[in-house]
Every structure is written in structure tokens, then in C-alpha cells.
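The values are calculated or read from the model by the stated rules, or taken from the named source; none is laboratory data. Please read all numbers here as calculations on a predicted model, not as lab measurements. Cβ sites come from the backbone with ideal geometry, for glycine too, and all protein chains shown count toward neighbours. Heavy atoms of the whole protein, side chains included, go into the accessibility calculation; ligands, DNA and RNA do not. Shrake-Rupley method; radii C 1.70, N 1.55, O 1.52, S 1.80 Å.
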Amino acid sequence: ISFWRMDTREDHDLFLSWMERRLKEVQQPLHQQAELEKGFEQETRTLPKRAIITRFLLPAVAKMGEANRRKHASIRCTLVALAAERFRRDKKVWPDSVDQLRPHYLARVMLDPFDGKPLRYRRVEDGVVIYSVGQDTTDNGGNLDRGQPIQSGVDLGVRLWDEDKRRQPSQP
């Protein structure tokens, strides 16, 4: 099909109808949107060949949803990390759980945008990790990799060190 001879009115209507559908789907909680996006993405593969513009643009919609959930996970983990650090500064110890942060340091439980459960909080040898399960929806124990955050086996989150472990030279 030549772009120069193509009548895009029909494709335009089709694209708008698919975008209306996505607008309804994004009203759902973040953790439910991933499953809806999978169905959306699979169905876009069945579009007619003549719907060139729609077939070209719709796959990016799912990518935006993934990026949106990663952004929300990052922001929520940062909010919990800030509350944990404020708690540590006031009490001179890390909280045992996120529940200790509420209501004084944190107004509400922050939910993981990937599974709808509360963000994970883990005390480690030299600090704490606050994390989301990430795109693979598997709890990997707070295994963070900023360089490859969408890799399987990696969680998304924030790592805070004990005060005496801060400002150390990086490990090779």
C-alpha cells in the first residue's frame, strides 16, 4: 500500500476507537493495567494490513504504560525512603517495617503499581531497601540494578545505607 494513495480516514476512525478503549482501560488501578495492555497489544496484531498508521502507532501505547508504572514505582519508593530516613534521623534506628512510618511519617500505604500490594521494605546488613517487584512481578528480594531496571530478576526501588556506610568509595 502506498502512503501517497492511501485514504487514511478509515484508519483515523479506527485509531480513535482504539485510543478511546485505552482511555477507559487506564482508569483502572495501575497494577491491573498491565494485563489489559497485554490483551490490547495482542489484538493490535490482528488489525487489517491497510490500517498502517494504527498498526504503527498502537504498540507505543503499551510501552508508555510500562514506563508509567516504572515512574510511579520510583516515586512511591522514594516517598517511603524519605519517610524511613526521617524516622531514622528522629529515632536513631531504621523502622522495623513500613507500618511504623504511618501516620506520622507517611500518610498512607504506598502500593506497588505492578502487583497492587504494599511496596516491600527490607532491612539489610548495612541499611534498608524499599522496592517494587517491577515488570516481571516477581519479588527478587530487593535486587536493584539501576543500569537494567526492566531486566527479569530485578526489582525497582531505593537503597538507603546506615549512616556509617555512607560516602564510601564505590566497589570495582
- Taking region 144-160 and keeping residues among the charged types (D, E, K, R) and either more than 16 Å from PHE114 (Cα to Cα) or assigned to a loop (DSSP other than H, G, I, E, B) (or both) leaves ASP145, ARG146, ARG159
- Message: Among the residues that make up region 75-85, is at least one of them in contact with a Gly (Cβ under 7 Å, 6 or more places away or on another chain), touching a residue at least 12 places away in the same chain (Cβ under 8 Å) and not polar (S, T, N, Q)?
- Response: yes
- Query: Which of the residues that make up region 20-60 are touching a residue at least 40 places away in the same chain (Cβ under 8 Å), under 25 Å from PRO113 (Cα atoms) and over 21 Å from the mean Cα position of the chain (by Cα)?
  - Reply: LEU57
- Restricting region 140-172 to residues that are open to solvent by 50 Å² or more (accessible area, probe 1.4 Å) and among the hydrophobic types (A, V, I, L, M, F, W, C), the one farthest from the chain's Cα centre (by Cα) turns out to be TRP161
- Item | Close pairs from region 115-139: first surrounded by fewer than 22 Cβ atoms within 10 Å (Cβ to Cβ), partner of a type in the set (D, E, K, R), Cβ under 6 Å, at least 6 apart | ASP126/ASP162; ASP126/LYS165; GLY127/ASP162; VAL129/ARG122; VAL129/ARG159; THR137/ASP115
- Taking ASP112, is it loosely packed, with under 11 Cβ neighbours inside 10 Å and under 30 Å from LYS165 (Cβ atoms)? no
